[in-house]
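*Asks:* Structure below; questions to follow.
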Amino acid sequence: MSLRLAVLASGTGSNLQAILDHVHGRDGIAVVAVGSDKPEAPALARARERGIPTAAFPLADHPDRAARDTALADWLAGNGAELIVLAGYMQLVTPAFLARFPQAVVNVHPALLPAFPGLRAVEQALAYGVRVFGVTVHFVDEGVDTGPLILQRALELPHARVPEDVLPQLHALEHELLPEAIRLIAQGAVRVDPADARRVLLDP
């Protein structure tokens, strides 16, 4: 069992840190690259502290998204990445990028998809008045948080009224669920059902 993964992050990198703490360097799993759209993202500093190659690909440095994602994909492939993990990466990746890594790009989202996709998912949920929140790890497709679901975990917060009532607990769930999904993928226990592309099969 081995897996070379790259992480893309736009912010502080708390999910990257969970990956570094719980799966990097264990059971043949290695983070081989960390990229960002923001040169000053703290996530890049976390990676550099561990000796992991980093690079930033701000859109302003490229003619358009397609050119940016081509450069990003080239860099990831050059580092030998087999799985791309979007961990708080606040950019949509292009279809051409996904084609470079078929069924090998995953995302963590702070809601129980298909409910509340896109940005400000927690705020969406609160506005709707939900009492059960959650986290989803899913494969990325060409839609916005529409790819096949890998893992989900729910959390009842019946008295939540503002994001601060929800986000710390959801972050804790993300930090558990994302490393778990990576371990399962590394074990070969995650596959898309050949008879139903919407369904992900998890081997026991």
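Nothing in this text is a laboratory measurement; each read-out follows from the coordinates by a stated rule. In this text the structure is predicted, and so the values were computed from the model without any measurement. No Cβ is skipped: glycine too gets one built from the backbone with ideal geometry, and neighbour counts run over all protein chains shown.
*Asks:* Tell me, what is the Rg over Rh of the range 10-108, with Rh the Kirkwood radius over Cα pairs?
*Replies:* For the range 10-108, the value is 0.93.
*Asks:* Provide the net charge surrounding His62, with neighbours chosen by a C-beta distance below 13 Å and charges set as Lys +1, Arg +1, Asp -1, Glu -1.
*Replies:* Every neighbour counted, the sum reads -3.
*Asks:* Where the only charges are on Cβ atoms (+1 Lys, Arg; -1 Asp, Glu), what is the dipole of the range 97-204 about its Cα centre, to the nearest 20 debye?
*Replies:* My answer is approximately 100 debye.
*Asks:* I'd like the distance between the alpha-carbon centres of the range 86-102 and the range 1-74, rounded to an integer number of Å.
*Replies:* So the two Cα centres are separated by 12 Å.
*Asks:* OK, next. Can you give the longest run of the chain that contains no GluC sites (Glu not before Pro) sitting in a DSSP loop with at most 14 other Cβ atoms inside 10 Å?
*Replies:* Value returned for the longest uninterrupted segment is 41-141.
*Asks:* What does the charge add up to near Ile185, with Lys and Arg as +1, Asp and Glu as -1, over the other residues with Cβ less than 12 Å from its Cβ?
*Replies:* Local charge sum for Ile185: -1.
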